[in-house]
Amino acid sequence: MREYALFLGCLIPARLPSLEAVSVKVLEKFGIGTRPMIGASCCPDPIVMKSLDYKAWLAIAARNLSIAEEMKLDILTLCSGCFSTLSKANKVLKENAKLKDEIGSFLSEINRGFSGTINVRQVAEVIREIGPEAIKQRLQRTLEQWRVATQHGCHLVRPSDVLHVDDPNRPTILDEIVSWVGAKPIEYPLKMLCCGVGIKAIDPETNLIMLREKLESIREAEANCIVTPCPFCFIQFDMGQREVNRKFKESYAFPVFYITELLGLAVGLSPEEIGLQFHTTPVKEV
Amino acid sequence: MSKEEKRVGVFICHCGKNIAGGVDINALLEHAKKLTDVVFAAENRFTCSEEGQATICDAVKEHNLNRIVVVACDPTLHSATFQRCGEKAGVDPAFTELIDIRKWTMPGSPQKVDQEQALENSKRLMEQTVKRIRLKRAIPQVEVIVEPSVLVIGGGIAGVEASLDLADKGYKVFLVERLPTIGGKMALLYKVFPTNDCAPCILAPKTAYANMHPNITLLTNSEVVDVQGHVGNFQVKVLKHPRYVDEKKCTGDGICVEKCPAKAPSEYSAGMGKRKAIYIPFPQAIPRKAAIDADHCLYFQKGICRVCEKVCPTGAVNFEQKPETMELKVGSIIAATGFEEYDPSKKKEYGYGLYPNVITQFQLARLLDIDGPTKGKLLRPSDGKEPKNIMMIQCVGSRDEKANVYCSSVCCMYALKHAQIIKEMVLHDAEIYICYIDMRTPGKGFEEYYKQTRDLGVTFIRGKPNEIMEDPKTKNLIVVVEDTLLGEPVMFEADLVVLSCAIVPSQGMKQLAEMLRIELDENGFFKEAHPKLRPVETNVRGVYICGCAQGPKDIPDAIVQAKAAASCADSELRKGKIMLPEFIVKMGKTS
């Protein structure tokens with residue numbers, strides 16, 4: 001059984017704990033084990049913290065990496081932002097001896113050290129590795145009616161010199177997985193647009209304008225649900241639809257699924273086991 | 001020879017400050033004096049200067065030197081200079097060596113190291129060279145009679161030009177072309193900048209002349225499969241693929257083409273039109289002989305039809321033709337294998353291959369051509385309607401760290417050319433936008449051409465689009481670009497997007513380079529012997545390169561190189577005999 005050190009980040013434990021539960025459950029079904037990373041902190045985030053204090057950002061990321069190094073396991077992240085941060089920091093520290101020494105001296109103060117022995121994976125990548133055959137064998141439910149708008153999000157594929165999950169400009173990894181569970185991935189023009197959540201804190205208005213454009217494009221393409229591997233995109237779509245509806249007098253109600261929720265439904269977990277009752281936008285029959 | 005006393009002279013060059021600024025010359029000089037058999041060592045500001053060479057000559061005479069080591073710059077640049085200088089003073093050229101330490105000292109050199117390291121490296125290289133030159137024996141030279149013939153690989157404009165030059169000088173030329181017709185990519189350009197001449201019209205006189213020239217043997221549908229031997233005496237194997245039409249009997253009347261029931265995508269239409277399975281590639285094709293495409297021919301695929309055989313008045317069709325291997329003996333070889341257009345589907349953000357209305361400039365040239373699939377009407381692929389807003393995107397696959405870093409040098413100009421053709425001759429009211437990083441128009445008459453295009457009302461947007469989306473209903477394209485002059489992101493809706501794709505090396509160049517034993521540069525083009533001073537020679541004597549196979553260039557530059565390569569081949573072969581090291585000749589005979 002393949003085992004990973006499960007890195008949760010902040011959003012999932014704080015606001016979306018059901019995503020952790022369903023992910024662990026679903027991955028187990030495919031023989032992928034996860035072990036918690038005791039003492040892990042915020043990743044920290046790949047934009048703000050990195051811009052404010054690059055070395056502090058590296059040091060905190062290195063500390064998180066060092067926990068998994070001690071466990072002798074590769075890291076599995078459920079969040080694309082954590083994936084981006086930890087992968088980038090891992091690469092920088094593996095390649096830049098000078099920075100590695102400097103960060104190493106910070107870490108030695110807390111009796112830790114970075115040695116560069118592990119890799120960082122994102123859950124979508126790990127699911128792709130399971131492969132279509134193994135997934136099709138376990139299918140319990142037919143999702144033929146699902147017309148899925150996939151939202152890859154930014155940090156799953158960027159920075160593209162670090163993350164080689166898929167083409168950064170036109171990724172198709174989610175569409176592949178969606179088609180493996182028998183659902184239909186839908187092309188829509190604004191597929192590559194950012195969900196908008198990244199600027200929510202500084203410009204909530206633009207954030208909603210972006211989300212609204214995105215939702216409009218999804219509606220025009222006649223999709224009936226949204227799937228994403230990123231908890232930030234998830235929360236933006238799931239909760240943001242309500243805000244868009246209120247602000248622009250719209251009536252969007254696309255059910256939103258995290259990638260392991262989709263897989264969980266397909267392999268026969270009940271809606272309660274998956275935690276669909278915790279979604280803000282209610283999930284009815286798709 | 002081995003009994004003779006070895007007397008080595010070492011000459012260290014400052015190269016102005018290029019070497020002296022990066023290494024301690026005196027330390028190096030002292031080190032040289034300590035080496036075995038070194039009886040004289042000196043330093044000089046410019047060893048390659050007349051004065052520097054005189055120092056070498058004087059020292060040879062005064063100290064009775066019989067070995068010379070010059071510690072200076074790149075041997076490909078100056079070896080011959082110092083060998084000639086030594087020879088004048090009576091030293092066998094085999095015993096004059098030039099070593100390069102400048103690469104470690106010169107500002108801007110990619111291999112530059114610090115002072116200490118440079119001294120260490122230079123000492124080491126000098127020690128080894130002195131040791132080698134002490135142990136070395138002179139290589140006997142023998143006279144070789146050369147074949148007064150040349151193989152030219154590639155029948156594009158560069159290959160044709162080189163062939164004509166050499167044939168006119170009296171050499172027998174074998175012109176090998178992979179396709180059934182010569183003319184190469186130029187035949188597909190419709191018009192050429194900056195004169196807006198019709199490309200086939202200015203190409204045809206050359207290809208037609210090559211076809212009828214008594215000294216040129218055209219080998220179309222053929223590939224070079226093996227090369228042995230050395231300058232003056234290459235043995236080449238050429239595989240001629242069957243065209244299933246007897247070239248001697250075929251008159252090019254085209255009756256077979258008319259009657260052929262099978263269709264295939266046409267190369268001449270950049271995949272946008274159809275041709276028959278038996279075909280003459282384009283009206284001005286040279287040779288004007290039909291060829292059968294076995295992959296699409298009903299007889300070869302299903303065993304039926306043979307209509308062409310029945311209708312041919314001269315009985316030229318021959319389904320029994322087999323591949324044929326020919327052996328040629330030539331004195332030198334010119335590789336002019338040309339280029340290919342970068343495959344833009346690799347730049348996924350532009351949606352080429354996904355969105356029907358995203359095409360390449362090569363495809364646009366075919367659409368504009370009156371002999372093209374639309375007979376010169378500009379109709380967009382999705383619905384056959386005339387586009388009103390046309391957006392061109394420059395530098396697709398070039399000047400891009402994720403694809404090719406180099407500039408393809410012709411894309412700015414061909415985009416301007418197509419903009420002019422559309423504005424002046426095809427769709428006067430169309431709005432044309434060109435998204436560029438920098439407009440690069442450094443050629444004779446090119447800047448004027450750029451101005452003419454601006455005056456026609458073409459809009460230039462400085463910025464490289466990062467995304468193209470398709471409106472699923474209209475199939476129009478929404479192009480997202482940051483206008484870096486406005487400093488703002490802008491969105492355009494275009495009916496047609498045209499990608500100005502990079503020039504990349506053509507397929508098979510790697511195998512050919514291995515056969516010819518020549519080098520490829522970091523981008524996969526043939527590498528010249530020296531980037532500035534020997535642009536058409538290679539590391540193999542007697543093998544020359546020209547045209548886009550050496551790097552991206554426009555037609556006049558390709559012609560210049562073709563003429564240069566022909567001239568180099570002529571210089572080597574014209575005396576009828578050359579001196580070569582004995583071992584090379586022996587190896588050539590045994591292989």
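Throughout, read-outs are computed from the coordinates displayed, never taken from laboratory work. Quick caveat: nothing in here was measured; it's all calculated off a predicted structure. Backbone-built Cβ (ideal geometry, glycine too); neighbour counts: all protein chains shown.
In debye, nearest 20: dipole of the range B:255-311 around its Cα centre with unit charges on the Cβ of K, R (+) and D, E (-)?
Numbers: 10 positive and 5 negative charges, 35 e Å.
Computed about the Cα centre, the dipole is about 180 debye.
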Mind scanning B:K172/B:K276; B:K185/B:K402; B:K103/B:K527; B:K185/B:K553; A:K25/A:K72 and naming the pairs with a C-alpha gap bigger than 24 Å? B:K172/B:K276; B:K185/B:K402
Share of antiparallel DSSP beta bridges in the range B:144-267, in percent to the nearest 5? 55
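Do any GluC sites (Glu not before Pro) in the range B:1-88 lie in a DSSP loop with no more than 14 other beta carbon atoms within 10 Å, and if so, which?
Numbers: sites: B:E4, B:E5, B:E30, B:E43, B:E50, B:E51, B:E62, B:E87; in loops: B:E4, B:E5.
For GluC sites (Glu not before Pro) across the range B:1-88 that sit outside H, G, I, E and B with at most 14 neighbouring Cβ atoms in 10 Å, the list reads B:E4, B:E5.
As a test, work out the antiparallel percent of DSSP beta bridges whose residues both lie in the protein assembly as shown, rounded to the nearest 5.
Details: 46 of 116 bridges.
Rounded to the nearest five, the antiparallel share is 40 percent.
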Once phi is turned into θ = phi - 60°, what whole-Hz ³J(HN,Hα) does the Karplus curve with 6.51, -1.76 and 1.60 give for every residue of the range B:88-105, x standing for Gly and Pro? 4, 8, x, 9, 4, x, 5, 9, 10, 10, 10, 10, 9, 10, 5, 4, 8, 10
Using alpha-carbon positions, what is the distance between the centroids of the range B:516-591 and the range B:425-450, in Å? 35
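What number, rounded to the nearest 500 deg cm²/dmol, is the helix-based mean residue ellipticity at 222 nm of chain A, given -39500 (n - 2.57) per DSSP H run of at least four residues and division by all its residues?
Values: 13 runs with 138 residues, N = 286.
That calculation yields -14500 deg cm²/dmol at 222 nm.
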Computed about the Cα centre, the charge dipole of the range B:340-504 from +1 Lys/Arg and -1 Asp/Glu charges at the Cβ has a magnitude in debye, to the nearest 20, of 260
Say the dipole of the protein assembly as shown comes from +1 at the beta carbon of Lys and Arg and -1 at that of Asp and Glu; which of A:I67, B:N233, B:Y350 then lies farthest toward its positive end? B:N233
R0 of 25 Å, Cβ-Cβ distance A:D74-A:D53: FRET efficiency to nearest 0.05: 0.40
Using a Gaussian network for chain A with springs between C-alpha atoms less than 10 Å apart, which of these wobbles most: A:G182, A:G39, A:G131? A:G39
Could you work out the relative contact order of the range B:495-564, using alpha carbon pairs under 8 angstrom and six or more residues apart, expressed as a whole percent? 23
How far is the Cα center of the range B:338-393 from the Cα center of the range A:22-40, in Å? 49
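Out of all DSSP beta bridges with both ends in chain B, state the antiparallel percent to the nearest 5.
Details: 46 of 96 bridges.
Taking every DSSP beta bridge with both residues in chain B, the antiparallel ones total about 50 percent.
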Chain lengthening between B:Q117 and B:E488 when straightened (0.36 nm per residue, less Cα-Cα): 128.7 nm
Between helix B:446-455 and chain B, what is the angle of the helix's C-alpha long axis to the longest principal axis, kept within 0 to 90° and rounded to the nearest 10? 30
Rounded to the nearest 0.05, what FRET efficiency is calculated for A:T172 and B:K61 with R0 set to 56 Å and r the Cβ-Cβ distance? 0.15
Nearest 10 degrees, 0 to 90: helix B:199-212 Cα axis against chain B principal axis: 70
Distance in nm between label sites at A:N111 and B:V405, each 7 Å beyond Cα in the beta-carbon direction? 4.7
Projecting each Cα onto the charge dipole of the range B:255-311 (Lys/Arg +1, Asp/Glu -1 at the beta carbon, about the Cα centre), which of B:V311, B:H296, B:C256 comes out farthest on the positive side? B:V311
At A:I38 and B:K103, where each label point lies 7 Å from the Cα along Cα→Cβ, what is the point-to-point distance in nanometres? 5.6
Would you mind calculating the relative contact order of the range B:340-504 from Cα pairs under 8 angstrom and at least 6 residues apart, reporting the percent as a whole number? 32
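If contacts are Cα pairs under 8 angstrom and at least 6 residues apart, what is the relative contact order of chain A in percent? It would help to have the intermediate numbers written out before the result.
Details: 476 pairs, mean separation 54.2, N = 286.
Relative contact order of chain A: 19 percent.
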In the range B:215-304, what trypsin sites (Lys or Arg not before Pro) fall in a loop by DSSP, with at most 16 other Cβ atoms inside 10 Å? B:K248, B:K249
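For the range B:400-475, run through the trypsin sites (Lys or Arg not before Pro) and keep only the ones in DSSP coil with at most 14 other Cβ atoms within 10 Å of their Cβ. All intermediate terms of the calculation are to be shown ahead of the outcome.
On the way: sites: B:K402, B:K417, B:K423, B:R440, B:K444, B:K451, B:R454, B:R462, B:K473, B:K475; in loops: B:K402, B:R440, B:K444, B:K473, B:K475.
Sites meeting the loop and neighbour criteria: B:K402, B:K444, B:K473.
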Based on Cβ point charges of +1 for Lys and Arg and -1 for Asp and Glu, what charge dipole magnitude is obtained for chain B about its Cα centre, in debye rounded to the nearest 20? 1460
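Could you calculate the FRET efficiency of B:E258 with B:V225 from 1/(1 + (r/R0)^6), where r is the beta carbon distance between them and R0 is 41 Å, rounded to 0.05? Don't skip to the answer; put the middle values down first.
On the way: r = 35 Å, r/R0 = 0.86.
The pair B:E258/B:V225 has a calculated efficiency of 0.70.
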Looking at the range A:131-278, how many pairs of lysines come closer than 30 Å at the Cα, when each pair is eight or more places apart or spans two chains? 13
With θ taken as phi - 60° and the coefficients 6.51, -1.76 and 1.60, list the Karplus ³J(HN,Hα) couplings across the range B:577-586 in order, rounded to whole Hz; mark glycine and proline as x. 8, 9, 8, 9, x, 4, 5, 5, 5, 4
Please list 3J(HN,Hα) in residue order for the range B:138-154, calculated via the Karplus relation 6.51 cos²θ - 1.76 cosθ + 1.60 where θ = phi - 60°; whole Hz, with x for glycine and proline. 5, 8, x, 9, 10, 8, 10, 7, 9, 6, x, 9, 9, 9, 10, 9, x
Over chain B, the sum of -39500 (n - 2.57) across DSSP H runs of at least four, divided by residue number and rounded to 500 deg cm²/dmol, gives at 222 nm -8500 deg cm²/dmol
